[in-house]
Amino acid sequence: MSYSFEYIDIILLAMIAGFIFLRLRGILGKKTGYEEDISTSFPHDFQPQKTEKKIDINSFDEAQKKEFLKGADIAYETIITNFSKGNLKDIKSLLNRKVYEEFKQAVDDRNSKGHISDTTFIGINSSKIKKHELKNNFLEITVDFVSEIISSIKDREKKTISGDPDKIKKVYDTWKFQKDTRTTNPNWLLIDTQV
């Protein structure tokens, strides 16, 4: 008889644990595998510097370059995908004001014409640092990207007016990123897409 009470206790505790688990999952969400934290995806290449201390540009070694490119690849895909969707709020923290305004103007122009951008990002074939330099306490890194994308623009009637929705095209981009070396903020900003 006492065994049945132990089983009831175990079942009751399991039900309570299950309820708590479901509540936590509902509040916190569940991991899908796409939760890359974009705001910190660029590496902490340099330790926070005091204002009077200058950073040595030659200290940007191969390991740091590799780590930077890993974050740059994530940012590149994220920016292209969200720009295509017209979703600028999710990438605003990755863009400086000038680039954000250019993107916003392009999205507003596209929307005013009733055009729909249909983009599928296939992947990055290569990315390499073209140059890096220090300008007035700002580290600037120019990156050459080669990617594969399916891209087309459709009108209100869903007719393709540019691009090809069935063809993968190779895209060559050169983007420049910038980071303020005087702050502890790890974020890199995209400052130019037409270098």
Proxy reagent accessibility, fewest Cβ within 10 Å first, across Val146, Val107: Val146, Val107
Taking the Cβ of Phe145 as the center, what net charge do the other residues with Cβ under 12 Å away carry, scoring Lys and Arg +1 and Asp and Glu -1? -1
Over segment 40-192, relative contact order from alpha-carbon pairs under 8 Å, at least 6 apart, %: 25
Taking Arg156, Arg182 and counting other beta carbon atoms within 10 angstrom, the fewest-first order is Arg156, Arg182
Report the dimensions of segment 40-192 along its three principal axes from the alpha-carbon atoms, largest first, rounded to Å. 59, 29, 21
Residue among His115, Trp188, Phe145 farthest towards the positive dipole end of segment 57-195, charges placed on Cβ: His115
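Coordinate-derived values only; no laboratory data. Quick caveat: nothing in here was measured; it's all calculated off a predicted structure. Heads up, the Cβs are rebuilt from the backbone with ideal geometry, glycines too, and the neighbour counts pull from every protein chain shown.
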